[in-house]
1. Could you look through the stretch B:356-371, keep only residues that are facing chain A (nearest Cβ under 10 Å) and β-branched (V, I, T), and pick out the one that is nearest to B:P321 (Cα to Cα)?
2. In this structure, does B:L36 turn out to be surrounded by 12 or more Cβ atoms within 10 Å (Cβ to Cβ) and at pLDDT 95 or above?
3. Conditions first: (1) crowded, with 20+ Cβ neighbours inside 10 Å; (2) within 14 Å of chain B (Cβ to nearest Cβ); (3) touching a Lys or Arg at 6+ places or on another chain (Cβ under 8 Å); (4) not in a helix (DSSP H, G or I). A:A308 passes all but one, so which condition is the exception?
4. Looking only at the stretch B:180-194, how many residues end up being open to solvent by less than 30 Å² (accessible area, probe 1.4 Å) and touching an Asp or Glu at 6+ places or on another chain (Cβ under 8 Å)?
5. Taking the stretch B:318-336 as the region of interest, how many residues are under 14 Å from B:D358 (Cα atoms) and among the aromatic types (F, W, Y)?
6. B:Y215: assigned to a strand (DSSP E or B), of a type in the set (S, T, Y) and surrounded by 22 or more Cβ atoms within 10 Å (Cβ to Cβ), yes or no?
7. Residues in the stretch A:372-387 that are of a type outside the set (D, E), open to solvent by 10 Å² or more (accessible area, probe 1.4 Å) and more than 9 Å from chain B (Cβ to nearest Cβ): how many?
8. The conditions are (1) facing chain B (nearest Cβ under 8 Å); (2) acidic (D, E); (3) part of a helix (DSSP H, G or I), and A:D353 fails exactly one of them. Which is it?
2 protein chains.
Amino acid sequence: MIRALFLFFSIVTVLCDNQYAEKRQKIIEDERRISLGGNIKLTDKEEAVNKCIMKYKHSELDFAFDNPQFFNFSHHYFLYKEFIPNSKVFKIIKNMPKGAVLHVHDMGILGPDYLLNVTYMDNLYVCFQTNGPQFRFAYKTPSIACSGQWQLMSEARRRSRNIRDFDARLRKYFTLVVGDPDTVYPSITESWTVFMDYFVTVAPLLSYRPVWEQYFYDTLLKLKNENIMYVEVRSVLPILYELDGTEYDQTVTAKAYKKATTKFVNDYPEFVGAKLIYAPPRKVDKATLTNYLDTARKIKEDIPEFFAGFDLVGQEDLGKPLIEFAPQLLAAASEFNYFFHAGETDWYGCHTDDNLIDAILLGAKRIGHAYALPKHPVLMREVVNKDIGLEVNVISNAVLSLVRDVRNHPLNIFLANDLPVVLSSDDPGVWEADAISDDFYVAFVGIASKTADLRMLKALAINSLKYSVLDSKGKTNALNRFNLHWNQFINNFNCSSY
Amino acid sequence: MIRALFLFFSIVTVLCDNQYAEKRQKIIEDERRISLGGNIKLTDKEEAVNKCIMKYKHSELDFAFDNPQFFNFSHHYFLYKEFIPNSKVFKIIKNMPKGAVLHVHDMGILGPDYLLNVTYMDNLYVCFQTNGPQFRFAYKTPSIACSGQWQLMSEARRRSRNIRDFDARLRKYFTLVVGDPDTVYPSITESWTVFMDYFVTVAPLLSYRPVWEQYFYDTLLKLKNENIMYVEVRSVLPILYELDGTEYDQTVTAKAYKKATTKFVNDYPEFVGAKLIYAPPRKVDKATLTNYLDTARKIKEDIPEFFAGFDLVGQEDLGKPLIEFAPQLLAAASEFNYFFHAGETDWYGCHTDDNLIDAILLGAKRIGHAYALPKHPVLMREVVNKDIGLEVNVISNAVLSLVRDVRNHPLNIFLANDLPVVLSSDDPGVWEADAISDDFYVAFVGIASKTADLRMLKALAINSLKYSVLDSKGKTNALNRFNLHWNQFINNFNCSSY
């Protein structure tokens, strides 16, 4: 406070040199104006809300500026995540309508407690191998190869004699969160290995058809409860199965989504809906890609209104670069919206950041991550000119070892230049984050300028609808509903209740 | 290799779609052309050298790409510095003429072994306090306040009975290097505290007049041996003293520099010389700043040809923002070249990165660090328009806790946009780095694009002369000499000798 007063008087002193003060003010205002949300005009009521948010934000930042050793965002997310719910800024953000989530992977959303509950369902078999449990729902003992013994989960749990310990040990396979992340995840190799193991472990749990349908319904509920109104979900489309071993083809998986969404929108008509991005693994050969594209075609034909487009997933450095698939993808470009993961890497001048070039040339509607983009000034211009959405996932990038102190995350550069940013959460359940609120909080307090305010938050929410694949009527409808919710949020806002 | 071949054939396949391939190639070439050094044409001989350097660089990067857990540059500098001398790229860089060093602090250059040697000089007294040793050269026991006992260093060493252990313990006060940096320096608070303690400890060792003169001579020798031809050194200008307690004023300190430089250039006429930037601490009041500026005037009057300009130093977040001094600095702007430290911070929208605005408005000729610049698009444009040199110190920024994985250092953005970058080393002795070669190596292999080559290295060397304060005749002379050395380096280059 004393510092602020002192600074104020210093600035006033300099005001004596009018020219200097004017030039200085012009720079500050120019930078604010060209930043994301910089042109938004707030209503009086919004101004009041903004004042409250900024009071809380500045209180967090002023403390951290004076005590940088306690600044959470300079440390690993796992070391501060438990304190986030105490933040008043976070509580406000959680209540705030945030529009849509456009970059999220189906099996990484609901988190370990949900998954642990699934293991209490009937007919679940487990086989404990040295590298973790293998699961399968079935009427009888599965004949799937396993280095351990298949047994009923209920039996295994009963025999453990200490169910609390048993469940605690089991739960660890459903999360990346650990108490000593800097030791457990010294590099991208370790974090991605555990991350991939997670999916291998949970896929057979979730792809049991009744679980799958319920899981996605519950996903939508979690999103709705965080004031999200629409989602475009990525899926590898695992093969669904029944207790008798029946396996379906992938169009059934896609349709299960639609079914769950229809039911959900029926139950909660204020929710706009969901669409599906088919996003199979990128570490495959060309023949497999051809099959992928055929599957995409089938799904698009089956459920055109539910199908959003195509992407490829997996640790980008280890996967195939897009250029290898460029002829095939180019040939199919008129059929599909592309949402390629590209530049999710710290490397520079390697095929991983070159994926940004191909994502753009292949006509991607949005790019997943685009972490490496600021090193590519020509591509940055292309992104602006072609208005390509950038799906930024800050906690994911921190947890998956791209950046430690999130103040070094390129999102701050995207925000400063008003790039078409869409904030998302990638796999929030895997790191036990909220569906999207944690990412908004980290971005708003940890990454954006101290001066970034409600304008930026509102712009991010609006961007998430603007860069969705909703058609123009759908977008208008979604934006109208968003404004309705937004105004409710503003009108009901009570600073002292936080 | 197989990956590279595979990639090559994929690109060839895409070439079938000529338009796609052309667009892709154009983007790659446009980005190369607008990057630092992108327009340099290499001679045939330079091309041969380049081929050798790139072979070694790619061999390091290809291994790291496939084994990111072993990529040194993603870890703390202290954890990989011992391996640097094994790198062939490093050996080449060490031999390569690198032009000038423009951002380096006098007392942080020569390193702990040099300082330990100084403690073997006669007439040195030491007082061991709980937080470290206090030193003073004197004829008799100093009467300077100290919580321990003053004794002759030679006596203390003799009484220790184990000189090796004694010296090893003593040496720790002369370096930041530790085996477990992530534990010792969890945040900027810890690294800067130890960093500041270093200066408090070594100042009385170095400011004994005979040591001071020799120290700077030896500094120039170290620079010359790393193929540096010119330096602009920053100094707080400590008060020099004699054994009998005589203390001089700061102009004597400045003149001692000139004396050492004259002697050095006499001994090594191929060395261009040195100039002084007076850079006292920034955490002071306005009256003290007035005194600083008076001192600067006196020095400029005394040794105009040796005096380069003015700056303020210290942990920027904790120091006074430039805006507080703006009226005084603006009034003196016609008298001095300014080289302000600004934006040496991870904060965004705080007074520390706002220092970038004031540095520019106050007419800084160069900016120290400018780490926060990419978050300020308007200021980035100003830097280009006004051609303000950016003194980038990558290892310093890593050691002093701004960034962990240096691939997140903003230098890559500066390089991609051909900003006026001058690579420097800040306080290499404090982290036991070479005078400048380590910084070049980390920048070239760890930060710049994999495709950045000899053009970039040459451009960095030329920038260091271009952005010096040498007058136009001096610059022409320096550039001629540089070209001479450069051509010698190229002509004598033998790839197999590395």
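The values are calculated or read from the model by the stated rules, or taken from the named source; none is laboratory data. Model, not experiment: these values are computed from the prediction. In this analysis, Cβ positions are derived from the backbone assuming ideal geometry, glycine residues included, and neighbour counts consider all displayed protein chains. Keep in mind that these areas ignore ligands, DNA and RNA; they rest on the heavy atoms of the full protein, side chains included. Shrake-Rupley method; radii C 1.70, N 1.55, O 1.52, S 1.80 Å.
1. The first filter runs over the stretch B:356-371 and keeps only residues facing chain A (nearest Cβ under 10 Å), leaving B:356-358, B:360-362, B:371.
From what is left, the residues that are β-branched (V, I, T) are B:357, B:360.
Details: B:I357: 11, B:I360: 13 Å.
Checking each candidate, the answer is B:I357.
2. Values: surrounded by 12 or more Cβ atoms within 10 Å (Cβ to Cβ): yes; at pLDDT 95 or above: yes.
Yes, satisfied.
3. (2)
4. Within the stretch B:180-194, the first condition is being open to solvent by less than 30 Å² (accessible area, probe 1.4 Å), and the residues that meet it are B:181, B:185, B:187-188, B:191-192.
When the remaining residues are screened for being touching an Asp or Glu at 6+ places or on another chain (Cβ under 8 Å), the result is B:188.
Matching residues across the stretch B:180-194 total 1.
5. Adding up the residues that qualify gives 1.
6. Working: assigned to a strand (DSSP E or B): no; of a type in the set (S, T, Y): yes; surrounded by 22 or more Cβ atoms within 10 Å (Cβ to Cβ): yes.
In short, no.
7. The total comes to 5.
8. (1)
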